[in-house]
């Protein structure tokens, strides 16, 4: 092979908003594999909000990416060399091989997938980590019952879009919060939510109230900040909050929350979770999500950036809500 | 009887801090009882933070006290007349008969108690609603395991003092937060907590860190505000928060919380609860608490105001943290 590997490294740590200059694109030789390893050519790179946390050098649930290392990330691609008994050339695989064209794996966290009925890229979205995040956060933490009202923020995103559709399947009223009329139209017209509140429209409390005439029983929170604080004021007695993300404050100072008292007054159960710590639930979730996608019952969209060199810009866009549906980078 | 009933009415609703002028003391005839009723002479009135909420005319989990009505409250006293088959004159009873000398009951929410081994007043504190609040909030929501660190705010109060002692019985490290050196000495020297942080000492974060070298696994939160926000920064992965009270903001604007992100990063489960909604747990809790008090294993103190006329001042003191242990009013 005369081709080289392209890799996107973490060049510096952001202070506040991520800049393109925090990344550095390099070309390196394609790695040699040893016995028990496979070489994968990545076709798709997943961009996800959690990556922002890994750019910081602070104690969190996961170690930060070291300066000069390849940025971590979920990938979907094809085995191009194999010295591992379980993988052969041509196998389609999903893994955590990072922001690069080629990755080496010993099979750990590498999953063979069937792209005959489900497109390969969907394994990074609805039938992958974001979809499972939606499934576990809704089913195991929120535990919605038929007739209840489920609200999800970042409703047009990779996680939120699945939350609302699963809520509808459970017989709930699904209400999305999203930024702008285009996203809200998508959420209601294409995904089938009952209502969507455009938080940019300037009538947040009034619009939330109208969209949730019976209050909120389950809140699936991806955003945080003023939206979260406002939604807290609309929670019902014995309601549940899945705290999945706080993207509004990943690049800024935290918003000063004033409605925590609602947790007490309304006897709310609020819980944070990390999807990778609940691996025992993945098979059930993936089965349901895969069937939903294969049969067209669960819909999704993708926003695709072309080429690794455009990954930083796309990632910054994701953090600002520029994407609609799953944000991907096409690497081939 | 030539004696009259003395009653403390809600005269006006407070804006901000409660004033003595929000109450009005009146004398009324001692009520006549009908068949199936008992007349109780209250010996003790319990003062509790939740009463502040009932003075507001806002939607909450319980209806507000109407203007001109007797203030609600837990009481312990003696049956002085009975037309009810289950009660006889001389029975000691605990109930919700309000801020007054005499109350009438049909037996609903009226419990006969034995004051031979446990003082009558304790049934309003450690062997009553505050003790059960501590027990349920710790055992059912926090669910501490031996070796874990349990932190409780308002540690010298009626609820907090029980939380710490129960935590010690479970083999936990018990750390209290209290206001001033006297309360902290009481919490450590008399109640047997491992440590106490004086939040008035001016080194909140540093002192909390020192008192919790292994972080916090269970937080039993009674206070809210800056203390709660600071403690959030010290929570461990998979820790639990029992949200029991937010007394710091009952009379003021809510404190702007900045550390809610800790719930996500540390996968915290936080839950609000109301003790009266978990009646199925009271018998178990009361049995353990009663044995603890009768055998001297659970210690407590009381701050006693003399006479119904001093109840408003004592209540305002309670809201400002002037009491040590259970705040009572002696009515006889």
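Give the calculated FRET efficiency between residue B:252 and residue B:63 to the nearest 0.05, with a Förster radius of 25 Å applied to their Cβ-Cβ distance.
On the way: r = 23 Å, r/R0 = 0.94.
Result of the calculation: an efficiency of 0.60.
Please determine, in degrees from 0 to 90 and to the nearest 10, the orientation of helix B:160-169 with respect to the longest principal axis defined by the Cα atoms of chain B, where the helix direction is its Cα long axis.
Tilt relative to chain B: about 60 degrees.
What is the antiparallel percent of DSSP beta bridges lying wholly in the protein assembly as shown, to the nearest 5?
55
So what's the angle, to the nearest 10 degrees on a 0 to 90 scale, between helix B:282-294 and the longest Cα principal axis of chain B?
Here the helix axis deviates by roughly 90 degrees.
Which one of A:113, A:94, A:163 has the biggest mean-square fluctuation once chain A is modelled by GNM with Cα springs under 10 Å?
A:113
Rounded, prolate or oblate: pick one for the range A:1-151, where a ≥ b ≥ c are the square roots of the eigenvalues of its C-alpha gyration tensor, a/c under 1.5 means rounded, and failing that, prolate if a/b is larger than b/c, else oblate. Present the calculation step by step, with values, prior to reporting the outcome.
Values: a/c = 2.30, a/b = 1.21, b/c = 1.90.
It comes out oblate by the Cα gyration axes.
Could you line up B:218, B:184 from fewest to most neighbouring Cβ atoms inside 10 Å? Please report the intermediate quantities before stating the final value.
Values: B:218 27, B:184 23.
Going from sparsest to densest Cβ surroundings: B:184, B:218.
Over the Cα atoms of the protein assembly as shown, Rg to Rh with Kirkwood Rh, two decimal places? Intermediate values should be presented prior to the final figure.
Details: Rg = 29.5 Å, Rh = 27.6 Å.
Over the Cα atoms of the protein assembly as shown, Rg/Rh equals 1.07.
Can you give the convex hull volume of the alpha carbon atoms of chain B per residue, in Å³? Mind showing how you got there, number by number?
Details: hull volume 43.1 nm³, N = 332.
Given the Cα convex hull of chain B, per-residue volume reads 130 Å³.
Could you identify which residue out of B:14, B:283, B:144 has the top mean-square fluctuation in a GNM of chain B using Cα springs shorter than 10 Å?
B:283
Quick check: from the Cα gyration tensor, does the range A:109-186 come out rounded (a/c under 1.5), prolate or oblate? Each step should come with its number before you reach the end.
Details: a/c = 2.28, a/b = 1.45, b/c = 1.57.
Oblate.
Would you look at the GNM of chain A, springs on alpha carbons closer than 10 Å, and say which of A:155, A:294, A:167 moves the most?
A:294
Please report how far the C-alpha centroid of the range B:6-25 lies from that of the range B:55-112, rounded to the nearest whole angstrom.
Distance between centres, Cα-based: 19 Å.
Could you work out [θ]222 nm for chain A from helices alone, using -39500 (n - 2.57) per DSSP H run of at least four and dividing by all its residues? Round to the nearest 500 deg cm²/dmol. Write down the numbers at each step before the final one.
Numbers: 9 runs with 71 residues, N = 332.
After summing the helix terms and dividing by residue count, I get -5500 deg cm²/dmol.
P(r) of the range B:129-276 in 10 Å steps, Cα pairs, percent per bin?
Calculated over all Cα pairs of the range B:129-276, the distribution is 13, 48, 36, 4 percent.
Compute the Cα gyration tensor for the range A:230-331, then decide on rounded, prolate or oblate, letting a ≥ b ≥ c be the square roots of its eigenvalues: rounded whenever a/c is under 1.5, prolate when a/b is larger than b/c in the other cases, and oblate in all that remain.
Details: a/c = 2.39, a/b = 1.35, b/c = 1.77.
The shape class here is oblate.
Read-outs: derived from the displayed coordinates by stated rules, not from any lab. Since we're looking at a predicted model, the values are computed, not measured. Please note: Cβ atoms are built from the backbone with ideal geometry, for glycine as well, and neighbour counts cover all protein chains shown.
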